[in-house]
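*Asks:* Can you keep this structure in mind? I'll have questions shortly.
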């Protein structure tokens with residue numbers, strides 16, 4: 001049974017008014033426990049509206065959202081369970097930091113769960129460790145931290161609730177390359193250690209290509225692709241027609257094929273492209 005699932009999900013904004021707009025059309029998507037799913041789509045494709053349904057921030061105009069097999073809008077208990085079981089980190093979450101210290105900010109979610117002080121403390125330090133926030137920062141004001149540190153603290157505040165599903169909307173937006181790489185490594189380590197499902201929403205095709213094991217592509221409010229990264233990036237021309245980019249390795253491989261170099265179409269990481277080119281030269285060696 002999927003940990004999280006939507007069935008024929010639709011959402012209409014301003015229904016019954018002259019401004020009525022259908023943002024999400026008939027989306028059925030099953031998210032398995034422990035998987036890392038990449039979600040991509042052009043601005044206005046419906047992906048942000050879609051993910052806000054996954055922990056009950058929006059209610060479907062039609063269709064269902066199921067968490068552990070139960071409709072999350074069945075009753076208040078089901079909605080409360082999904083709010084703690086499905087953690088959602090919005091783009092630029094550091095703007096939502098508001099407590100006096102880093103410790104209190106990370107502890108906010110566990111406190112709302114009604115946990116005891118000892119367990120709250122354990123969860124705070126566990127979550128801080130996952131995202132690389134050292135103990136020396138616990139009594140610091142979040143406002144005194146760097147942009148990357150603030151991002152880590154905000155993500156730790158969601159991780160501290162130990163969600164079964166973690167959803168991250170553009171978690172590396174605005175960070176420098178080193179900060180982006182570090183955040184993604186932290187997220188990957190969290191997923192491996194806890195077995196939680198992770199949904200990564202990103203405009204960076206290179207990030208998605210390296211970290212996702214499955215991809216969901218949104219276009220004009222519909223789910224148009226749901227497959228492995230290799231199969232999705234095989235359809236590079238279709239992605240470009242939707243206004244999306246493809247990974248750098250895919251672009252390079254395409255250019256090389258146009259110049260007569262025999263390469264498979266399913267090239268989407270630099271590591272794999274390097275391996276193929278070395279093999280063609282007869283110089284294959286560990287990457």
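*Asks:* Looking at (1) in contact with a strand residue (DSSP E or B) (Cβ under 9 Å, 6 or more places away or on another chain); (2) exposed (fewer than 13 other Cβ atoms within 10 Å of the Cβ); (3) without any contact (Cβ under 8 Å) to a residue 12 or more places away in the chain, which is the one condition that is false for residue 8?
*Replies:* Every listed condition holds for residue 8 apart from (3).
*Asks:* Of the conditions (1) at pLDDT below 95; (2) assigned to a helix (DSSP H, G or I), residue 52 clears all except one; give me its number.
*Replies:* That leaves (1) as the condition not met.
*Asks:* Can you tell me which residue in region 216-235 is surrounded by the most Cβ atoms within 10 Å (Cβ to Cβ), limited to those that are touching a helix residue (DSSP H, G or I) at 6+ places or on another chain (Cβ under 6 Å) and within 10 Å of residue 268 (Cα to Cα)?
*Replies:* 233
*Asks:* Restricting attention to region 188-205, report how many residues are buried (at least 18 other Cβ atoms within 10 Å of the Cβ) and closer than 25 Å to residue 251 by Cβ. Spell out how you get there, then give the answer.
*Replies:* Initially, region 188-205 is screened for residues buried (at least 18 other Cβ atoms within 10 Å of the Cβ), giving 190-191, 196-202, 204-205.
With the extra rule that they be closer than 25 Å to residue 251 by Cβ, the set shrinks to 200-202, 204-205.
Matching residues across region 188-205 total 5.
*Asks:* Same structure, new question: With the requirement that a residue be within 30 Å of residue 139 (Cα to Cα) and in a helix (DSSP H, G or I), what does region 82-102 give you?
*Replies:* Of all residues in region 82-102, those within 30 Å of residue 139 (Cα to Cα) come to 83-102.
Across region 82-102, the qualifying residues are 83, 84, 85, 93, 94, 95, 96, 102.
Listed here are the residues, each with its yes/no results for (1) without any contact (Cβ under 8 Å) to a residue 60 or more places away in the chain; (2) farther than 28 Å from residue 11 by Cα.
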residue	(1), (2)
178	yes, yes
189	yes, yes
192	yes, yes
196	no, no
202	no, no
225	yes, no
238	yes, no
258	yes, yes
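*Asks:* If you check residue 173 against the conditions, is it assigned by TED's automatic domain parsing to the domain that holds residue 193, within 23 Å of the chain's Cα centre (by Cα), closer than 24 Å to residue 49 by Cβ and not in a loop (DSSP other than H, G, I, E, B)?
*Replies:* Here the answer is no, as residue 173 does not meet what is asked.
The values are calculated or read from the model by the stated rules, or taken from the named source; none is laboratory data. No experiment lies behind these values; they were computed from the predicted model shown. Note: ideal-geometry Cβ built from the backbone for every residue, glycine included; neighbour counts use all protein chains shown.
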